[in-house]
Amino acid sequence: MMKEASAAEVNQILQNQKFYFASQETKSIDFRLEQLKKLKAGVKMHEQKIVKALALDLNKSELESYSTEIGILYEEINFSMKRLRKWAKPKKVRTALTHAGSKGYILPEPYGAVLIIAPWNYPFQLALSPLVGAIAAGNTAVIKPSELTPNVSALIADILQELYPSSYIAVAEGGVSTSQALLDQPFDYIFFTGSVSVGKVVMEAASKKLTPVTLELGGKSPTIVHEDANIRLAAKRIVFGKFMNAGQTCIAPDYLLVHTKVKAALIEAMKVTIKEFYGEQPIENSSYSKIVNGHHYNRLTGYLNDGTIIFGGEKSDDKNRIAPTLLDEVSPDSPVMTEEIFGPIFPVMEYTSLNEAITFINSRPKPLALYLFTQNKETEDQITGRVSFGGGCINDALMHIAPPYLPFGGVGESGMGNYHGKYSFETFSHSKSVLKQTNRFDFSFRYPSAKNGLKLV
Ligand code: NAD
């Protein structure tokens, strides 16, 4: 059992961080750059241990660990370090004619002590990527990694303890009770990644102190394959996005909406691709991720009864693995079509007109991601213009998460706020507006009972 941090402990950490933040040290740009450099070096030094911890907790392959957990973090650090001086500069803005003589500027300032709560599915990257933004913006931070991936959690604590004093960056390990003890504290900002239901708990706790929040949540991300799609490429990219990390990806394609005319061809192509990627026996494939724990394994195997299995369906109780599975003839009201799946089960629904697909998606909570496969610009415009979603891809899956130029986040029930690259810096900064007035002259008409006119002083 993982030790839970007590209310007194987390209160002490926060007091120390507030005291340290008040010293102004974290605000210097040189200091921030130095800490980011340290973070990169620290991760580099422990790469092998990170890969091992991810394998123990999730059976993540080395390739996946590098591409989706470690490499993406280096990218984020490099990108921020290169641009930080520019981002942190006060930005001059115009003032109105009524404010002649004055100057305006926006000064990005760190919030102070921020809290980062992370989930288990990309347990390393989703704890440390927000930290890059928090450091770049000049904050102190407390990280609460997920208790469901204990090896990664302990390693994050070790690495960060080695790199930083806890009055600057601290890790509070534990589960729900640690998380709640942290949420009771007066942090200056809360950055939460996790489920919609816990997102509501976080927002409620934050509302008591009016603490600003970013909520990176989940939901059901539709994947539309239109009649004019390139079927072979669509199949490859969907299978890649859906079954990476055994479907335990917040932006994984959750369900398929395929045009009736191409349904058979797409399903056939997906079957071939699954075999190409994972072999005839995916649950025996040593680089295919496992389901994180028994609770989630049982939840997922329950979905197998919500439709007709047309491919896959094999499972291994002792390995916590479920093969990539395609599920046809599902009802839109069944659990597999109403709950976030977060596993390697892919329900297939079909449509005959684009309007039908749009109406279906719009009748449900706004998704975190949406993927559309089409070669027609008109179809693309219909979907991007009429459907609200956090972000997504045309003719691909997952890949919009990587470029640091694109803000990443949800909308509606899938979350609020966004991050990555400059957007992370902005998320962890308050934009302080300053108007600097001239003393060279003074408009008397602004004052009560003054005579209109310009007075030289
Ligand atoms: P979760 O909401 O169960 O847990 C997330 C964090 O909250 C953990 O650190 C956990 O200890 C803590 N927590 C759990 N219950 C709590 C409670 N009652 N009060 C306070 N804290 C609590 O989510 P998870 O199972 O770790 O992750 C899966 C979910 O996260 C999925 O819904 C997925 O879509 C979402 N997710 C979103 C993103 C994104 O970037 N938008 C990324 C990864 C995962």
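So the values come out like this:
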item	result
From phi via Karplus (6.51, -1.76, 1.60), per-residue ³J(HN,Hα) for the stretch 291-304 in Hz, x at Gly/Pro	7, 4, 7, x, 4, 5, 4, 5, 4, 5, 5, x, 5, 4
Euclidean distance between Cα centres, the stretch 383-435 to the stretch 192-252, Å	12 Å
Cβ-placed point charges (K, R +1; D, E -1), dipole of the chain about Cα centre in debye, nearest 20	2720 debye
Helix 150-163 vs. the chain, principal-axis angle (Cα, 0 to 90°, nearest 10)	30 degrees
Gyration tensor verdict on the stretch 382-440 (Cα atoms; rounded if a/c is under 1.5, prolate if a/b is larger than b/c, oblate otherwise)	prolate
Within the stretch 73-110, backbone nitrogen closer than 16 Å to the virtual label 7 Å beyond the Cα of F445 toward Cβ	96-101
Exposure proxy ranking, count of Cβ atoms within 10 Å, fewest first, for K377, K261	K377, K261
The stretch 294-436, relative contact order in percent, only Cα pairs under 8 angstrom and at least six apart counted	14 percent
Y255 long-range amide H proximity, modeled H, under 5 Å	S221, T223
Model label zone, A154; criterion: amide N under 19 Å from point 7 Å along Cα-to-beta-carbon; scope the stretch 165-208	171-176, 178
The chain: angle of helix 196-209 to the longest principal axis, Cα-based, in degrees nearest 10	20 degrees
Ratio Rg/Rh [Cα only; Rh per Kirkwood] for the chain	1.04
Nitroxide proxy distance, nm - points 7 Å out along Cα→Cβ at S286 and L63	1.5 nm
For L33, L148, L233, order by how many other beta-carbon atoms lie within 10 Å, fewest first	L233, L33, L148
Gain upon complete extension [N230, N395; 0.36 nm per residue less C-alpha separation]	58.6 nm
Antiparallel DSSP beta bridges within the stretch 87-223, as percent of all bridges there, nearest 5	15 percent
Estimated distance in nm for a label pair at K319 and A8, the labels positioned 7 Å out from Cα along Cα-to-Cβ	4.8 nm
In order through the stretch 80-90: 3J(HN,Hα) via Karplus (6.51 cos²θ - 1.76 cosθ + 1.60), integer Hz, x for Gly, Pro	5, 4, 5, 10, 4, 4, 5, 4, 7, 5, x
Anisotropy class of the stretch 202-318 from Cα gyration tensor, a/c 1.5 cut	oblate
Alpha carbon centroid spacing (whole Å) that separates the stretch 327-379 from the stretch 1-35	43 Å
Signed unit charges on C-beta, dipole axis of the stretch 322-431, positive-most listed residue T427, G391, F360	T427
Cα-based shape type of the stretch 277-412, given that a ≥ b ≥ c are square roots of the gyration tensor eigenvalues and the cut on a/c is 1.5	prolate
Linear extension gain, Q437 paired with K82, 0.36 nm per residue minus alpha-carbon span	124.4 nm
Residue order, fewest to most beta carbons within 10 Å, for Y164, Y447	Y447, Y164
Antiparallel DSSP beta bridges within the chain, percent to nearest 5	40 percent
Relative contact order (%) - criterion: Cα under 8 Å, at least six apart; region: the stretch 235-332	26 percent
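Readers should treat all values here as calculations from the given coordinates under stated rules, not as data from a laboratory. This one's a predicted model, so the numbers in the text were calculated from it and none came from an experiment. We place every Cβ from the backbone using ideal geometry, glycine too, and count neighbours over all the protein chains shown.
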